[in-house]
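The values are calculated or read from the model by the stated rules, or taken from the named source; none is laboratory data. Not measured: the values here are computed from a predicted model. We place every Cβ from the backbone using ideal geometry, glycine too, and count neighbours over all the protein chains shown. For accessibility, only protein heavy atoms count, side chains too; no ligands or nucleic acids. Shrake-Rupley method; radii C 1.70, N 1.55, O 1.52, S 1.80 Å.
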Amino acid sequence: MTRDEEILAVARAGFRDEAAELLVQFEQALLAIEQQPDDAEAMNCAFRAAHTMKGTAGLFGCEALVAFTHDVESLLDDLRSNAVSLQPDTMSVLLLARDQLEDLLAELDLPEPSVAVAQRSEALGVQLRALRGQQASSSGHAKAAASIPAAVGIDGMQTWRIALKMGPDALRNGLDPLSFIRYLTTLGSVTKIETQAVGAPDLAELDPEGCHLCFDIELLSSRSREEVEQTFEFLADDCQLSVSAMVSGSGQPADVAGGVALTTASVSDITETGSDMLVPVTPLASAERRSAPNDRRQQTKDRRGNDEARFIRVRADKLDALVDMIGELVIASSGAQMVAQQEHSARFVEAAARIHDLVQGARDGALGLRMVPIGESFSRFQRVVRDVSKQMGKDVELQITGGDTEMDKSMVETISDPLMHLVRNSLDHGIETLEERLATGKPTPGRLALHAYHESGSIIIEVSDDGRGLNRARILAKAVEQGLVPPDAQLDDEAVYQLIFRPGFSTAQQVTNLSGRGVGMDVVKSNVEALRGQIRIASQLGHGTTIQIRLPLTLAIIDGFLTSVAGVSYVLPLEIVGECIEMPAECQLGESASGCFDLRGEVVPYINLRRLFKHSGAAPARQSLIVVRTTMGQLGLLVDRLHGEYQTVIKPLGSIFQQVHGIAGSTILGSGEVALILDVAALEERVSGELQQRGGASARRVAVATAPTLSTNPS
Amino acid sequence: MAADQILGRAKPASDLTIMHAEALRQAWLGDLLAHPDGVSLDLGDVQVMDSAGVQLLLALQASLVRRGQTLHIAEASPAVDEVLRTYGLQALLC
């Protein structure tokens, strides 16, 4: 690449990032207007977003984007100046336009523009103009993207040629072309249809659940192209569609799908209403572009004035390098403190302590840079809930609380897709239709809640709904049928609900409009566990379900508590440590790695780490017991020696240690020695089986079940 | 269809839908294709058919054609008839 091309590439990347942010603002503004039509601030925000995008797109010569955004901007301008009023479908069209903007942006990276995207631009453009009370003829501005209005035959009837090629996952995604083609017959009459299986697979080659079909259809109809195309709207991602007008009697398509130059044949077909198409467009486009830089400078000034918090753009890898450096600094500082103590120099000890404090501050600051409020990723669910609930005819309200709870940025990205899947699951299977809810006396709208908060060194995210709840009996029956559990297994509620995370558990009955990105419940669980988290379910049949995801706050540095067992150093998170006591007498009994002891009248389980990790050698005469707080209550950890607080930089363990439950990572002590970081929640799970068998854990239930997010029984 | 032709006969016990697609495919891959003159399907009791079912029929036909054999649909329920006509595949019904 030449130097100029490099500069342009970097600038273009910056534009895309900025545009992505603008789209987020745009969508939020649109959703706000939908709830509150007279929200002037939201209207202005939406207009500004569209206007800024158009201006910057013009700078980069993105014609298709400029043309489309122009229509969006014009409609918003008319709306905010009250030149036109909101129609029932205005907001839906604008939200679709926002999606189209996203697609157009994505196209910038592709070598060639896509036909389907261009067609959708045209279709939506017509709708946007119609909402402004204008005729459906395209404005002079959209030259290259527009196609010629279809030749209209006698009686206003037109033959449309529809070529539909299905994507391989359509059926798996619950989309059957049969219903869409049946619907076509309500728009007109299908004069010809040819159905083929691409590649003509025989029985041995056939993928029975994949879709191999392609169709060649001729439809005689008085409807417009947009109406015909809209028939297949829901198939959008799972098919390739082209709709073209056929010149009556000629049997040939009149325009090239996607529209390129005017052909001689079609010029003669243009009616009067299309004549403004022939106005040369170039002067207008370049005039727009010339004014765009000035507009843009004004816009950024406005925006800066409006922003309360100022942001700068930082490269993620630079930030990671900084956090790593601080990690090393933490280790070095601990080393210096150790040396200071060994040297018995009071002044050195004091200096080392001062450095330690400063390093802690720097550590917190650096980690804080990586933390983003989880509310940012929650907000995109508003759109999903709105769209899906409209699609399913359900009335659902999304409540988001704890949006300012902060989480490490890298984790936010990994947890987003699983959360989306859980939300869609609740919408799909959890919340009932309006009729069902009214019939069972449940309040409407149905409630879907996203709640996040910090607790004992973790971040908790809950997805809960007040819908049908899980059917324990049905889940167990299905699991037995699939051979996942033996028929006579004794499982408590939590264990039964956890069965839905087993791969292969979901059945064809659940094939709906969920987008097929391969995110099933088993992938949700594995994603959560990959982040060293846990996922739990509580549910009440008829009342609702709550799914709780617990994740560590950060993957980088924690305040630790150092202990040792048989000469091996173990670190646990300082936040969960409650108290340290001498080993109670009852811990000396028995041979097992776990048991229970009496803590001021309460029965608390404990784990003997020496036995659990099978350290050899005799235990020292005086062992210590650390009482820690866990999700399920309290837990005791029996160790040899306590070494106190220790700032711990977490280094990941190699992949061969993945199967070891109970160790979350490793760290390097100031002395250069390696210490292991305990995963207390995993340890607890590991021994809870044993404890349950001995009846010690019967009183312990997941705290989630009594969470206030489940609606109470209406009575 | 002469009376002395040796045909494989099958009557699916289930609907011709995606839920049963794989099972039907396995069943038909069995000795159904072993008969020299083709296959005759009795779809008279099929209540529901979807695109996966249509694909199965097309695939069965492809398997037979490759052997120089033919597929006959001896009986078609109203559901099967409607689906095939919607897809313009009524030729299969002859």
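Before moving on, here are some points about what is shown:
- Inter-chain shielding of B:16-25 (mean C-beta neighbours from other protein chains, 10 Å cut-off): 4
- Note on A:S222: accessible area approximately 80 square angstrom, rounded to 10, probe 1.4 Å, nucleic acids and ligands left out.
- Range of Cα positions in the range B:27-94 per principal axis (Å), largest first: 30, 21, 20
- Percent of C-alpha pairs per 5 Å bin in the range A:7-125, short distances first: 2, 12, 24, 24, 19, 11, 6, 2, 1.
- Over all other residues within a Cβ to Cβ distance under 13 Å of A:C214, the charged ones net out to -2, with Lys and Arg as +1 and Asp and Glu as -1.
- Counting only heavy atoms of the protein chains and using a 1.4 Å probe, A:I535 has close to 10 Å² of accessible surface.
- Once all protein chains are placed together, A:F60 keeps about 50 Å² accessible to a 1.4 angstrom probe.
- Compared with the alpha-carbon gap, the fully stretched path from A:E112 to A:H344 is longer by 76.4 nm at 0.36 nm per residue.
- With a threshold of 25 Å on the Cα-Cα distance, the over-threshold entries among A:K318/A:K651; A:K394/A:K442; A:K165/A:K390 are A:K165/A:K390.
- Set of aspartates and glutamates near B:K11 by C-alpha distance (under 13 Å), chain-local residues within fewer than 8 positions excluded: B:D42, B:D45, B:E75
- Label point distance in nm, B:A27-A:A316, each placed 7 Å from Cα along Cα→Cβ: 5.0
- Cα gyration tensor shape of the range A:395-513, rounded if a/c is under 1.5, else prolate or oblate by comparing a/b with b/c: oblate
- Net charge of neighbours whose Cβ lies under 10 Å from the Cβ of A:V568, counting Lys and Arg as +1 and Asp and Glu as -1: -1
- Overall form of the range A:568-610 per C-alpha gyration tensor (a/c, 1.5; a/b vs b/c): oblate
- Phi-derived couplings, Karplus 6.51 cos²θ - 1.76 cosθ + 1.60 at θ = phi - 60°, listed residue by residue for the range A:11-24: 4, 5, 4, x, 4, 5, 4, 5, 5, 4, 5, 4, 5, 4 Hz, with x used for Gly and Pro.
- Along the range A:113-127 the Karplus relation, 6.51 cos²θ - 1.76 cosθ + 1.60 evaluated at θ = phi - 60°, assigns HN-Hα couplings of x, 8, 4, 4, 5, 5, 5, 5, 4, 5, 4, 5, x, 4, 5 Hz to successive residues, with x for each Gly and Pro.
- Shielding score for B:44-56, defined as the mean number of other chain Cβ atoms within 10 Å: 4
- The Cβ shell under 15 Å around A:A675 holds other residues with a net charge of -3, Lys and Arg each +1, Asp and Glu each -1.
- Scanning residues 5 or more positions from A:L599 or on other chains, those with amide H under 5 Å from its amide H are A:V604, with H placed 1.01 Å from N in the peptide plane.
- Rounded, prolate or oblate (a/c below 1.5 giving rounded, otherwise prolate when a/b exceeds b/c) for the range A:588-642 by Cα gyration tensor: prolate
- What separates the Cα centres of the range A:67-111 and the range A:467-484 is a distance of 45 Å.
- Take A:225-237, A:338-350 and order them by the average number of nearby Cβ atoms within 10 Å per residue, most first; the result is A:225-237, A:338-350.
- Pairing chain A with chain B buries about 2100 Å² of accessible area. This figure sums both sides and uses a 1.4 Å probe.
- Peptide B:61-67 is shielded by partner chain Cβ atoms: per residue, an average of 4 of them sit within 10 Å of its Cβ.
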